[in-house]
1. On the given criteria, is Arg7 touching a residue at least 40 places away in the same chain (Cβ under 8 Å), among the charged types (D, E, K, R) and either over 14 Å from Ser67 (Cβ atoms) or loosely packed, with under 15 Cβ neighbours inside 10 Å (or both)?
2. From the list Leu238, Leu243, which residue is touching a residue at least 60 places away in the same chain (Cβ under 8 Å), crowded, with 19+ Cβ neighbours inside 10 Å, farther than 19 Å from Met151 by Cβ and in contact with a Lys or Arg (Cβ under 9 Å, 6 or more places away or on another chain)?
3. Is it the case that some residue within region 57-67 is small (Gly, Ala, Ser), buried (at least 22 other Cβ atoms within 10 Å of the Cβ), under 19 Å from Val288 (Cα atoms) and touching a residue at least 40 places away in the same chain (Cβ under 8 Å)?
4. Looking only at region 10-35, how many residues end up being surrounded by fewer than 21 Cβ atoms within 10 Å (Cβ to Cβ), of a type in the set (Gly, Ala, Ser) and within 21 Å of Leu123 (Cβ to Cβ)?
5. For region 252-284, name all the residues that are over 16 Å from the mean Cα position of the chain (by Cα) and under 14 Å from Ala180 (Cβ atoms).
6. Could you pull out the residue among Gly177, Gly263 that is out of contact with any helix residue (DSSP H, G or I) (no Cβ under 7 Å at 6 or more places or on another chain) and either among the charged types (D, E, K, R) or more than 26 Å from Thr299 (Cβ to Cβ) (or both)?
7. For the list (1) surrounded by fewer than 18 Cβ atoms within 10 Å (Cβ to Cβ); (2) aromatic (Phe, Trp, Tyr); (3) touching a residue at least 24 places away in the same chain (Cβ under 8 Å), I need the number of the one condition that Tyr118 fails.
8. Only one of Gly277, Gly260 is on the phi > 0 side of the Ramachandran plot, surrounded by 12 or more Cβ atoms within 10 Å (Cβ to Cβ) and either modelled with pLDDT of 95 or more or not hydroxyl-bearing (Ser, Thr, Tyr) (or both); which?
Amino acid sequence: MSGIETRHIPLSTGVTLNVAVGGPADGEPILFLHGFPESHRTWRHQLRDLSADHRIVAPDQRGFAGSDKPEGVENYETDRIVEDVIALADALELGNFTLVGHDWGGAAAWLTALTHPYRVKRLVIVNAPHPLIFQKSLIEDEAQRAASQYMNLFRNPAMEAGIAAMGIETFYAKTFGAHADLDSIPEAEKRAYLDDWSQPGALTAMLNWYRASRIVVPTVGEEEAKPPLWTHAPFPHLAMPTLVVWGLKDKALLPVQLEGLHGLVDDLRLVTSASAGHFVTWEEPELVTSAIRDFIAETG
């Protein structure tokens, strides 16, 4: 990624993150959050393009790739991740910024925008469900519940042993093969994934994101599954301009996640792809990059 360097940045939250930074120092900042099981490289195409005229910041989030991997499930609660986001912005002296998130990074981005709206100038979500819509769909939508059973699998304490038994390359093939054409992933990217996942404690740290989540995933056929009490309370709206980019072939997060967004986001734009799936950031990078550029231009 030309013009982009990585730095190890210690945060006030007690972790040090490996962070890709680039672009003009006085450029408008964009902060990117990746998801499972990736790294800042999720955004490699967007970073290369947008760093031409924006200040880009893309960490490996705690537990991933080159960043610290603290022990203990409690260290991966979404509140801790949000604290990292704000601490990183503070460390780099970002006032307010455009926040972009995919997958678990999108979950953190939703919550950061909800809890720190004065810092998030614009929000961009890529294939990451709104927490309220996601939780309700897991109760009410049988297809989404079935599609999300992998979350219970990843929460199983025996998961690491299962991955060790199958081998890291088989885990790679299962993780991405169900969601994208493996031939579309360059060999260098594959090696980067395998190297990251092979680090001591890496798999447990990544899986702890699932174990720490408060999202309730009932089993298929579970009777009388009820949504948590928090889903009955009035839910705050987002007022900042928000762009949602969605690959409609996502097998884990179904299009039901787009239903009801207009009732929770006051200024919403939606860009979809009928041909991309969950990893749209590198399946159809031009779509994602142009959507972000157009969104920033339209919202000043």
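1. No, not satisfied.
2. Just one listed residue meets the conditions, Leu243.
3. no
4. Number of matching residues: 2.
5. Ser273, Ser275, Ala276, Glu284
6. Working: Gly263 fails: either among the charged types (D, E, K, R) or more than 26 Å from Thr299 (Cβ to Cβ) (or both).
One residue alone meets the criteria, Gly177.
7. (3)
8. On the way: Gly277 fails: on the phi > 0 side of the Ramachandran plot.
Matching residue, one of Gly277, Gly260: Gly260.
The values are calculated or read from the model by the stated rules, or taken from the named source; none is laboratory data. All figures in this text were calculated on a predicted structure; none of them were measured in a lab. Don't worry about glycine lacking a Cβ; one is built from the backbone with ideal geometry, like all the others, and counts go over all protein chains shown.
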